[in-house]
Amino acid sequence: MAKQQVIVPDIGADAAEVIEWMVQVGDEIAVDDSLLVLESDKASMEVPSTLAGTVVELLVNIGDSLSEGAAIVLVETADAIEPAQIREEPPETNQAEAAGQSEAQEALAEAPNNQPVSAGKHSVLVPDIGTDDAVEVIELSVSVGDEVEEGDTLLVLESDKASMEIPSDASGRVLEIAVAVGASLKQGDLIGVLEVAGHVDTPPAPAQEPKQEAPPPAPAVPKSVSEQPKTAPVAKAPVARATASSSEVVYAGPAVRKLAREFSIPLEQVSGSGPRGRILKEDLHTFVQQRLSKPEAATVSVGAGIPAVPAADFSQFGSVREEALSKIGKVTAANMQRSWLNVPHVTQYDDADVTDLEAFRASLKDEAARKGTKLTPLPFLLKACAVGLKDNPKFNSSLSADGESIIYKEYVHIGFAVDTPAGLLVPVIRDVDKKGLWELAEEVLELAALARDKKLKPAQMQGACFTISSLGALGGKGFTPIVNAPEVGILGVSKSSVQPVWDGSSFVPRTMLPLSVSYDHRVINGADGGRFMNQVVALLSDIRRLTL
Ligand code: CAO
């Protein structure tokens, strides 16, 4: 057992800032595991360990400025090794002195293509990037037509240990970009052509096809410490991030980029909480958490694997008017899409004979008026569904989030859809099974009024076990309601009408109410659905049963 230090290798810069730790005390590490991320003004680089063992001490802090030779961590190793860049204790903490200019810096200090920049068309080539291996283009920071200053970032290259911004060696307008994201570049490859201010006196750059991804796709990048610094070139040119398109440059290190690629996280949508807006791993976690807790944001676009509806320019067919969706409209759209895509729906249809119910309701009209309320079919529907839910517990359940179990509810709260000028709202009546028809009638009126006045509180729209969507007043013979997941059932109500019904010996006029019940077929099978519907129909057809 020996305690040894890992020190900063040649990083190609005088000093670079510690911006992220990738290990902590107690971690078991292997040779080449990344220890921390250093960042200079043009490159961020992960510094790999030269030792295998247990991290016993972190010798620097976030924000420290490190130079070559500075001790980073103390590692307890099984065997004593003595490569050139390992020091025995005690640790030296002098990190101020730079070890002189690296080869990469010197190379970049000159114009990369070793040509003086004169007015006219100027070819920008890949400078010495510290490795002979090809390195992948992961971002283009400029577009054709952009004005760039000398030192502005043109593109970002990334190996498995470092990402580096390649600066322009001249000022001018971008005439051509000769590479594409995914291309692999080496020193001397053409990046693009600039038009440098002044008269044109140099021959145009040779036309070159944009470099696409070429095999071998992922270059092997040196991993040993002795090779590592060369993958992190730092330009001497001044940093100028504020070009027109540089705001789109994603500011993240290789590990974060790799993780983002693995999880298909669009880095340009992630806000960085690190120094100068750098994206950290925690930012990716936060982004994923936010996406999961706000499914509506994701579902309004495209579901997994579902092809997007192509955008259309309707104005080519006639004049159009575009109006932003209301907040309620957006939420409804997202909820509908989520339910439609997630819930395998089945809908059963039937008619309830509400002749007696309607006669009873009519007989109560005056009494309702005296009470200052109105008895529509809805309270009867609520009551019938409450009985149906209690007797058919699967309708009063939800599938657990992991799909492994069914959660049965011992309360009966029912939502009802209210059409409002701002969009569809679904207030919830609690404990419908315990309330009488008058009480339900009042609550329907009260909640519908609150909904139309946009005064419903969130709690008044939560906790439903089941929903009723009544379009009866509007007409129609039937429709397929969409289950309001995680509920598993919804009753659609259409317009009642007088129909000739065969009573066994003759056709008699009866008032028939068309009903449609949709349910989640993962939880409810056809027989369950049939039983529920039969019971609701029977209760509405003979309302004396509601009192039982
Ligand atoms: N068949 C025939 N007439 C019906 C009926 C039916 N199924 N349902 C209601 N009616 C009658 C009522 O009895 C009332 O007539 P009277 O004034 O003569 O008594 C009239 O239609 C209007 O009723 P209402 O709409 O004021 O009251 P309600 O209790 O039936 O409904 C509410 C209340 C809030 C559900 C309703 O106003 C509403 O907003 N419905 C729309 C729901 C919706 O948009 N669903 C779609 C969701 S998915 O897009």
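The values are calculated or read from the model by the stated rules, or taken from the named source; none is laboratory data. Remember, it's a predicted structure, so these values are computed and weren't measured experimentally. Here Cβ is always computed from backbone atoms with ideal geometry, including for glycine, and neighbour counts include all displayed protein chains. Note: accessible area is taken over every heavy atom of the protein model, side chains too, but ligands, DNA and RNA are not part of it. Shrake-Rupley method; radii C 1.70, N 1.55, O 1.52, S 1.80 Å.
Assign one of three labels to the stretch 2-88, namely rounded, prolate or oblate, based on the Cα gyration tensor with a ≥ b ≥ c the square roots of its eigenvalues; rounded applies when a/c is under 1.5, prolate when it is not and a/b is larger than b/c, and oblate otherwise. Prolate, because a/c is 1.5 or more and a/b exceeds b/c. The length gained by stretching the chain between V320 and T480 to full extension, at 0.36 nm per residue less their Cα-Cα distance, is 54.6 nm.
How much net charge surrounds S271 when only the other residues with a Cβ under 11 Å from the Cβ of S271 are counted, with Lys and Arg +1 and Asp and Glu -1? In short, -1. By definition, a body whose alpha carbon gyration tensor gives a ≥ b ≥ c is oblate when a/c is 1.5 or more and a/b is not larger than b/c, and the stretch 339-547 fits this oblate description. Taking label positions 7 Å along the Cα-Cβ direction at both R544 and R531, the computed distance is 2.6 nm, reported to one decimal. For K258 and A401, the FRET efficiency from 1/(1 + (r/R0)^6), where r spans their Cβ atoms and R0 equals 25 Å, is about 0.30.
Amide H contacts of D169 (H built 1.01 Å from N, in plane; Pro and chain starts excluded): G151 sit under 5 Å, all sequence-distant by 5 or more or on other chains.
Our note on the geometry: Cα centres of the stretch 426-456 and the stretch 490-548, 23 Å apart. Largest accessible area first, the residues Y411, Y251 order themselves as Y411, Y251 under a 1.4 Å probe with ligands, DNA and RNA left out. Exceedance of the 24 Å cut-off in Cα-Cα distance is limited, within the set K394/K434; K330/K374; K327/K457; K327/K409; K383/K454; K394/K455, to K330/K374; K327/K409; K383/K454; K394/K455.
Measuring nothing but protein heavy atoms, the accessible surface of the stretch 2-88 at 1.4 Å probe radius is 45 percent carbon and sulfur. Charges were assigned to the Cβ only: +1 to each Lys and Arg, -1 to each Asp and Glu. The resulting dipole of the stretch 2-88 about its Cα centre is roughly 120 debye. Computed from label points 7 Å out along Cα-Cβ, the spacing between M461 and V56 is 6.1 nm. When nucleic acids and ligands are ignored and a 1.4 Å probe is applied, E68 ends up with an accessible area of around 70 Å².
Using R0 = 22 Å, the C-beta based FRET efficiency linking Q269 and Q289 works out to 0.95. Working note: Karplus 6.51/-1.76/1.60 with θ = phi - 60° gives the stretch 147-154 the couplings 8, 10, 9, 4, x, 5, 6, 9 Hz, where Gly and Pro are set to x. With a/c under 1.5 counting as rounded, go ahead and sort the stretch 437-530 into rounded, prolate or oblate using the C-alpha gyration tensor (a ≥ b ≥ c being the square roots of the eigenvalues; past the cut-off, prolate if a/b is larger than b/c, else oblate). Oblate.
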